[in-house]
Amino acid sequence: MSLIGKAMIPTLKSGANKSNHQAQVSILAICENCDKHQEVANDNFTCVDYHRLTSATLMQHQPDVILAPLFAPNFDCFDLADKLVAAGYQGRFHAAVESLPDPSMIKREFSAKYPELELEVIVMEHHRQAEQTEA
């Protein structure tokens with residue numbers, strides 16, 4: 001299953017405006033071998049190959065959230081965090097994984113090493129279970 005195929009573009013409620021106005025969140029998805037897939041991009045969502053990620057890419061897209069696999073064949077969230085921090089990115093980083101017994105352990109280690117990044121571990125197994133319960 002492709003992480004990109006299951007990505008959802010969230011919205012943020014504006015704190016400055018008490019109405020139900022919602023602002024779109026800009027997501028930069030980092031994957032491996034993006035060239036093999038159809039290019040995925042629109043105003044709020046762009047997919048970039050891990051090996052092509054540069055500070056210029058981050059400046060161009062100015063994402064609100066980075067979305068990536070927790071573990072990929074040739075990189076993991078720590079490798080990506082090194083690149084992001086070196087490029088000056090500070091902010092939200094959502095890392096998806098099929099299953100993980102203790103996401104809080106990864107989050108603690110990650111937060112200690114990269115305090116400028118806000119890691120959210122998305123365990124896909126939990127989301128599928130919740131969807132099945134709701135159905």
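For the range 55-68, the criterion of a residue being over 26 Å from Ala23 (Cβ atoms) and either out of contact with any Pro (no Cβ under 8 Å at 6 or more places or on another chain) or surrounded by 16 or more Cβ atoms within 10 Å (Cβ to Cβ) (or both) is satisfied by no position. Within the range 76-113, take every residue that is part of a loop (DSSP other than H, G, I, E, B) and within 18 Å of Thr54 (Cα to Cα) and give me the one that is most open to solvent (accessible area, probe 1.4 Å). Among those residues, the one meeting the criterion is Gln90. Here Thr11 fulfils each of the conditions (1) more than 19 Å from Val123 (Cβ to Cβ); (2) more than 12 Å from the chain's Cα centre (by Cα); (3) modelled with pLDDT of 60 or more apart from (3). Here Glu125 meets the list (1) within 24 Å of Gln24 (Cβ to Cβ); (2) open to solvent by less than 90 Å² (accessible area, probe 1.4 Å); (3) modelled with pLDDT under 95 almost entirely, failing just condition (1). Every listed requirement among (1) open to solvent by less than 80 Å² (accessible area, probe 1.4 Å); (2) in a strand (DSSP E or B) is met by Glu118 save one, (1). Just one of the numbered conditions (1) under 21 Å from Ile27 (Cα atoms); (2) touching a helix residue (DSSP H, G or I) at 6+ places or on another chain (Cβ under 8 Å) is not true of Ile106: (1).
Selection of first residues in the range 54-67 that are in a helix (DSSP H, G or I) and of second residues that are surrounded by 12 or more Cβ atoms within 10 Å (Cβ to Cβ), restricted to Cβ pairs under 6 Å at least 6 apart or on distinct chains, gives the following pairs, ordered by first then second residue: Ser55/Ala87; Thr57/Val48; Leu58/Ala87; Leu58/Tyr89; His61/Leu28; His61/Thr46. Scanning the range 27-52 for residues that are in a helix (DSSP H, G or I) and at pLDDT below 90, we see that the one that is surrounded by the most Cβ atoms within 10 Å (Cβ to Cβ) is Cys34.
The values are calculated or read from the model by the stated rules, or taken from the named source; none is laboratory data. Bear in mind that the values here come from a model prediction, so they are computed numbers and not experimental data. Positions of Cβ are generated from backbone atoms using ideal geometry, with glycine treated the same way; all protein chains shown enter the neighbour counts. The protein model used for the area step is the full one, side chains on, heavy atoms only, and it has no ligands, DNA or RNA in it. Shrake-Rupley method; radii C 1.70, N 1.55, O 1.52, S 1.80 Å.
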